[in-house]
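Inspection log for the structure reproduced underneath, given as structure tokens.
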Amino acid sequence: GNSVTQMEGPVTLSEEAFLTINCTYTATGYPSLFWYVQYPGEGLQLLLKATKADDKGSNKGFEATYRKETTSFHLEKGSVQVSDSAVYFCALNSGYSTLTFGKGTMLLVSP
Amino acid sequence: DTAVSQTPKYLVTQMGNDKSIKCEQNLGHDTMYWYKQDSKKFLKIMFSYNNKELIINETVPNRFSPKSPDKAHLNLHINSLELGDSAVYFCASSQDSNRNEKLFFGSGTQLSVL
């Protein structure tokens, strides 16, 4: 079956630090990959996506590259801000069901 | 205009009661979902409807019954509430059930069963 594994949080960084949140997946077929973000008290919002191998998704300074050979979709940002503090979810959809989410990684950015 | 709206935002109730959570989307989407998020933030699909037809029904107790009167609405009714039902429930929608589709989420209903 499908599964997504994310690094455990919380990830605690100072403002302007470099961010990496690791995500690996197991899936049948050729999944599409997503990162969603959940700010406190809100629902999830799509941050970025990639639909085939070697695609790079990017948005708001965040990037992730679909790596089929390592079954990974790591999230990166060069310089985080306090406003990036949130829970980040890696997810996949292989077309046989709806999204399968990872367990989420909380990011805390301090000034 | 809120794209996916769910009510109530907070729901506190006693064990054994029956309650409903309503969801409406004004995006013209064909597919709607219910997700459950536990205290550790883990998200799990419960149900998915496409054009009012049930397409996904995960292993959810039959005390949970979704109802879709039209494709803009997907309500969740829960009978005989239990302590373990306490969680945040999210409604979501997408244009269709294509694997590339972006999901739009409501802001959640925090259910507390006492």
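The values are calculated or read from the model by the stated rules, or taken from the named source; none is laboratory data. This structure is a prediction, so every number in the text was calculated from the model and none was measured. Neighbour counts are summed over all protein chains in view; Cβ atoms, including those assigned to glycine, are modelled from backbone coordinates with ideal geometry. All accessible areas refer to the heavy atoms of the entire protein, side chains included, with ligands and DNA or RNA removed. Shrake-Rupley method; radii C 1.70, N 1.55, O 1.52, S 1.80 Å.
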Q) Buried accessible area for the A:B pair, summed, 1.4 Å probe, in Å² rounded to 100? A) 1700
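Per residue, how much accessible surface does chain B expose to a 1.4 Å probe? Answer in Å², no decimals. Don't skip to the end; give the middle numbers.
Working: 5680 Å² over 114 residues.
With all protein chains present, chain B gives 50 Å² per residue.
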Q: Compute from the Cα atoms of the protein assembly as shown the Rg and the Dmax, the latter being the longest Cα-Cα distance, and quote both in angstrom.
A: 17.5, 51
Q. Of the accessible area of segment A:1-94, with the probe set at 1.4 angstrom, what percent is carbon plus sulfur?
A. 47
Q: Could you pull out the GluC sites (Glu not before Pro) across segment B:17-114 that fall in loop regions by DSSP (anything but H, G, I, E, B) with no more than 16 other Cβ atoms inside 10 Å?
A: B:Glu58, B:Glu82
Q: Pick out, in residue order, every one of the GluC sites (Glu not before Pro) in segment A:30-111 that is DSSP loop and has at most 16 other C-beta atoms within 10 Å; say none if there are none.
A: A:Glu42, A:Glu69
Q) What base-10 log of the normalised intensity I(q)/I(0) is obtained for segment B:1-51 from the Debye formula, alpha carbons as equal point scatterers, at q = 0.22, 0.23, 0.24, 0.32 Å⁻¹? A) -1.07, -1.13, -1.17, -1.23
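Just want to confirm a number: the relative contact order over segment A:1-94, from Cα pairs under 8 angstrom separated by 6+ residues, in percent. Don't jump to the answer; show the numbers that get you there.
Values: 204 pairs, mean separation 33.6, N = 94.
With pairs under 8 Å counted, the relative contact order is 36 percent.
If a/c stays under 1.5 just call it rounded; otherwise compare a/b with b/c (prolate if a/b is bigger, oblate if not). Do that for segment B:19-114, with a ≥ b ≥ c from the square roots of the Cα gyration tensor eigenvalues.
Numbers: a/c = 1.83, a/b = 1.55, b/c = 1.18.
Taking the square roots of the gyration eigenvalues as a ≥ b ≥ c, segment B:19-114 is prolate.
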Q. Which of B:Thr13, B:Thr31, B:Thr59 moves most in a GNM of chain B, Cα contacts under 10 Å?
A. B:Thr59
**Q.** Listed pairs A:Lys77/A:Lys103; A:Lys52/A:Lys77; B:Lys41/B:Lys67; A:Lys68/B:Lys41; A:Lys49/B:Lys41; A:Lys60/B:Lys67 exceeding 29 Å between Cα atoms
**A.** A:Lys60/B:Lys67
Q: With all protein chains present, calculate the accessible area of B:Met46 using a 1.4 Å probe and round the result to the nearest 10 Å².
A: 10
(Q) Residue by residue through segment A:15-24, what is 3J(HN,Hα) from phi via Karplus (6.51 cos²θ - 1.76 cosθ + 1.60, θ = phi - 60°)? Round to whole Hz and write x for glycine and proline. (A) 3, 6, 6, 8, 10, 10, 10, 7, 8, 10
Q: Write down the Å³ per residue value for the convex hull defined by the alpha carbon atoms of chain A.
A: 90
Q: Hey, can you grab everything whose amide H is under 5 Å from the amide H of A:Asp55? Only 5+ residues off in sequence or another chain; H modelled, so Pro and N-termini drop out.
A: A:Tyr66
Q | aspartates and glutamates with Cα under 20 Å of B:Lys52, excluding same-chain neighbours fewer than 8 positions away | A | B:Glu24, B:Asp30, B:Asp70, B:Asp96, B:Glu101
Q | Residues in segment B:84-114 occluded by at least 40 Å² - accessible area, probe radius 1.4 Å, against chain by itself | A | B:Arg99, B:Asn100, B:Lys102, B:Leu103, B:Phe105
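Over segment A:50-111, what lengths in whole Å, largest first, do the semi-axes of the equivalent ellipsoid take, defined as the square roots of 5 times the eigenvalues of the alpha-carbon gyration tensor? Mind showing how you got there, number by number?
Working: eigenvalues 111, 44, 16 Å².
Square roots of five times the eigenvalues give 24, 15, 9 Å.
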